[in-house]
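A quick write-up on the structure given underneath.
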Amino acid sequence: MKGFGNVGQLMKQAQELQAKIAKLQEELGEKQVTGSAGGGMVTVVANGRQEIISISIEREVINPEDQEMLQDLIVAAVNDAISKSKAMVNEGMSSITRGLSIPGLGGLL
C-alpha cells in the first residue's frame, strides 16, 4: 500500500487549486482589457471571460462607401481585445500553478 500515503495531500492540493482557480475566474471577470485597430479609431473592451463589453467607433471611419474597411477594423479590434484577455488569463493561471508539484507530471505545469 505504499504510495497511497500522498493521496490525501494530493486531494488537499487539488481542492486548494480549485478554490484558487474559482477566485481567479471571478477576479478576471471584473478586469477589462482594451483592443484597438486603425490607430485607435475602433476600440473594443473585453473582460477576463473573453466577453465583449463595449465597442467604440470614431466617426471618421464610418463611411457608407467603404463598409468592408469598417468591418475589418472591428474584427481586428475584437481579436486584439480577446488576445489581450487570453494573455491576462494565462498570466493569472501561471501565477497559480507556479511551483505546483503533482507527482507524475514533472515539468508539465
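Since every read-out is calculated from the coordinates, none of them should be taken as a lab result. All figures in this text were calculated on a predicted structure; none of them were measured in a lab. Note: ideal-geometry Cβ built from the backbone for every residue, glycine included; neighbour counts use all protein chains shown.
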What angle, in degrees between 0 and 90 and rounded to the nearest 10, separates the Cα long axis of helix 67-97 from the longest principal axis of the Cα atoms of the chain? 20 degrees
Dimensionless Rg/Rh of the range 26-97 - Kirkwood Rh, Rg from C-alpha atoms: 1.10
Please give the helix 7-30 orientation as an angle from the longest Cα principal axis of the chain, in degrees from 0 to 90, rounded to the nearest 10. 20 degrees
Sort largest first and round to whole Å: the equivalent ellipsoid semi-axes of the range 1-54, each the square root of five times a Cα gyration tensor eigenvalue. 42, 10, 6
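Based on the mean of other beta carbon atoms within 10 Å per residue, what is the order of 50-59, 83-92, most packed first? Walk me through the numbers on the way to the answer.
Numbers: 50-59: 13.0, 83-92: 15.5.
Output ranking for 50-59, 83-92: 83-92, 50-59.
Around Arg98, with a cut-off of 12 angstrom between Cβ atoms, what is the net charge of the other residues, counting Lys and Arg +1 and Asp and Glu -1?
Details: positive: Lys20; negative: Glu91.
Taking every other residue near Arg98 into account, the sum is 0.
Calculated from DSSP H runs of 4 or more alone, at -39500 (n - 2.57) each and per residue, what is the 222 nm mean residue ellipticity of the chain, nearest 500? It would help to have the intermediate numbers written out before the result.
Numbers: 2 runs with 55 residues, N = 109.
About -18000 deg cm²/dmol.
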